[in-house]
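Notes to accompany the following structure.
The values are calculated or read from the model by the stated rules, or taken from the named source; none is laboratory data. Values in this document were obtained by computation on a predicted structure and should not be read as measured data. Quick reminder, even Gly has a Cβ in these numbers, built from the backbone with ideal geometry, and neighbours come from all protein chains shown.
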């Protein structure tokens, strides 16, 4: 099996070969037949050749799917997240994946699934954080008093055993 690097080099050779044929006024359908590629690919390469020249056909080009949020949108999303959930109309400060997805949909008109939101946040450097499990109404003085006086009275000692 060919390595990825070898496959990318082969694809580049095809694109450059197509460019040479197109520059000699060979029809796109004939270029596709000779190089064993789709006519759509040749059409795309011809448009790139005409707009940007042969050098634009060098290199691997874009591999994989385009990101759903561009660099600027990700920067804006990071700023929105740092403003807090309350600032964006959520009832608590807790950011959940569903809430982040709703924010992305609202601000950028892009709908992402929960796993996609997780992936985007990971790529942006955000990680899962769990809020402290302490109630806001917590009374630290009352807790300390209870621990000092009441708990020892309730605490049972282990029965002594003859071992």
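Brief remarks follow.
- Selected residue [modelled with pLDDT of 90 or more and outside any helix (DSSP H, G or I)] from 22, 77, 82, 69: 69
- All of 3, 9 fail the test of being loosely packed, with under 11 Cβ neighbours inside 10 Å and within 18 Å of residue 64 (Cα to Cα), apart from 3.
- Scanning the range 132-156 for residues that are surrounded by 10 or more Cβ atoms within 10 Å (Cβ to Cβ) and within 30 Å of residue 94 (Cα to Cα) yields a count of 3.
- A single entry from 15, 7 fulfils the requirement of being free of Cβ contacts under 8 Å to residues at least 24 places away in the same chain, out of contact with any strand residue (DSSP E or B) (no Cβ under 6 Å at 6 or more places or on another chain), more than 30 Å from residue 107 (Cβ to Cβ) and in a helix (DSSP H, G or I): 7.
- Taking the range 110-143 as the range and being in a helix (DSSP H, G or I) and more than 14 Å from residue 73 (Cβ to Cβ) as the test, the residues that pass are 114, 115, 118, 119, 122, 140, 141, 142, 143.
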